[in-house]
Amino acid sequence: MSELEDDVAILTALLSIDFQSTSLFDDMIIELSSQMYICASDSSITTDILHEAMNYSLGLRGKYARGLLVLLVMTGWNKPWRSAIYCAKAVEMVHTASLIIDDLPSMDNASLRRGKATNHTKFGEPISILTAISLLSEAFKLLASCPELNAEQRHLAVTCLASSIGLNGMSSGQMRDLVSLKTEIADIELTHALKTGTLFAKAAELGCIAANVSGEQKWLLSDFGMQLGKAFQELDDIIDVATVSKSTGKDTSKDTSKPTIVAILGIKKAEQRAIKQVAKALDCLKSSTAKKSHLRQFTLNLTRAMLAMIHSLED
Ligand code: IPE
Ligand code: IPE
Ligand code: MG
Ligand code: MG
Ligand code: MG
């Protein structure tokens, strides 16, 4: 058996037994969810409906995977996670903006998100577009004036998060997703890396920046985030075909016309591939000198929850 196959076998075994809902994760989720709003006094907001639309999407409960990643990287470096809460909030704001855009009629045309009406269904498309733009801009304002960071860290943090959105990140990935000209697995993998992996990678990097960790150690955790983000999108694509909106809280069967790993490999093989991808992510942690137990547990819990969703309709 190769080392990776070995890892996959160990991971498959772990996924069936090693489920821990630690109070640390619960505490982080409670704290993150309490941060998911923008006060009128936080900005020069004068437009009531825009403000309402921003807080509507931000306030709907997500998994906070990217925010948790920031906080767990902090704990990995033995730093108090609460002192990166604004960094985590900024990442979740960017993520929420990306979902609003992804759901638009001209994109995935979705009507359900986080168990509720999508932003444009509730507020109309023009307000929804402005909401996403405003959330992005508020996220950068938060980082640029972040009391948790010194001037150099703020500069690094803004540059880091900005690079998750544009030409080397989410927009580029979403563009590839829309056009879907190429249909090889490697093309889909690049799309996943750009549209989803990058924000996970940048979340891990932000945790390092807040912990004052740089150089190789930062890149190792960034790569962990990237590999985890790619696995996450593979599992999400399987969820899109294998489940129903009632369990996901969002529209399903939205990607049937797109070349996805499920369209190419079928559900079973796509799932095996996603598990291998999770093993790759865990492999990145091996060379990191950070404390890894929480990041590892988070990866296992997230994978387990998504696999459970995939199998939820089986009898
Ligand atoms: C959905 O992300 C978008 C993808 C990259 C697949 P999440 O599944 O993390 O969305 P929330 O934040 O939990 O709603
Ligand atoms: C969207 O991927 C990824 C983003 C960058 C927002 P999906 O279109 O698969 O996300 P869901 O399934 O609608 O959450
Ligand atoms: Mg999409
Ligand atoms: Mg979508
Ligand atoms: Mg999806």
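The values are calculated or read from the model by the stated rules, or taken from the named source; none is laboratory data. None of these values were measured; they are calculated from a predicted model. Because the Cβ atoms are built from the backbone with ideal geometry, glycine has one as well, and the counts that use them run over all protein chains shown.
Answer with yes or no whether Lys280 is touching a residue at least 40 places away in the same chain (Cβ under 8 Å) and either outside any helix (DSSP H, G or I) or under 28 Å from Ala151 (Cα atoms) (or both). No. Close Cβ contacts (under 7 Å, 6 or more residues apart or on different chains) running from residues in segment 246-275 that are within 18 Å of Arg176 (Cβ to Cβ) to residues that are among the hydrophobic types (A, V, I, L, M, F, W, C) and within 16 Å of ligand 1 (Cβ to nearest atom) comprise Lys254/Ala110; Pro259/Ile188; Thr260/Ile188; Ile261/Ile188; Ile261/Ala270; Val262/Ile238; Val262/Val241; Val262/Ala270. Here Glu138, Glu148, Glu152 are screened, and the one residue that is of a type in the set (D, E, K, R), over 15 Å from Ala203 (Cα atoms), more than 16 Å from ligand 5 (Cβ to nearest atom) and free of Cβ contacts under 8 Å to residues at least 40 places away in the same chain is Glu152.
Residue under question is Ser106, and the condition is that it be in a helix (DSSP H, G or I), among the polar types (S, T, N, Q) and either farther than 23 Å from Thr196 by Cα or out of contact with any His (no Cβ under 7 Å at 6 or more places or on another chain) (or both); does it hold? Considered against the rule, which asks whether it is in a helix (DSSP H, G or I), among the polar types (S, T, N, Q) and either farther than 23 Å from Thr196 by Cα or out of contact with any His (no Cβ under 7 Å at 6 or more places or on another chain) (or both), Ser106 comes out as no. Restricted to segment 217-268, and to residues there that are among the basic types (Lys, Arg) and modelled with pLDDT under 95, the residue that is nearest to ligand 4 (Cβ to nearest atom) is Lys254.
If you filter segment 259-273 down to residues that are under 21 Å from the mean Cα position of the chain (by Cα) and within 16 Å of ligand 3 (Cβ to nearest atom), you find that the one that is farthest from Lys195 (Cα to Cα) is Val262. The condition of being modelled with pLDDT under 95 and charged (D, E, K, R) holds for only one of Asp103, Asp48, that being Asp48.
Is it the case, given these coordinates, that Ala65 is touching a residue at least 24 places away in the same chain (Cβ under 8 Å) and more than 16 Å from ligand 4 (Cβ to nearest atom)? No. The residue list Ile129, Ile49 contains one member that is farther than 26 Å from Gly225 by Cβ, without any contact (Cβ under 8 Å) to a residue 40 or more places away in the chain, hydrophobic (A, V, I, L, M, F, W, C) and not in a loop (DSSP other than H, G, I, E, B), which is Ile129. Within segment 74-103, if we keep just the residues that are in contact (Cβ under 8 Å) with a residue 60 or more places away in the chain and outside any helix (DSSP H, G or I), the residue that is surrounded by the fewest Cβ atoms within 10 Å (Cβ to Cβ) turns out to be Asn78. Picking from residues in segment 151-194 that are among the polar types (S, T, N, Q) and under 23 Å from Met36 (Cα atoms), the one that is surrounded by the most Cβ atoms within 10 Å (Cβ to Cβ) is Ser164.
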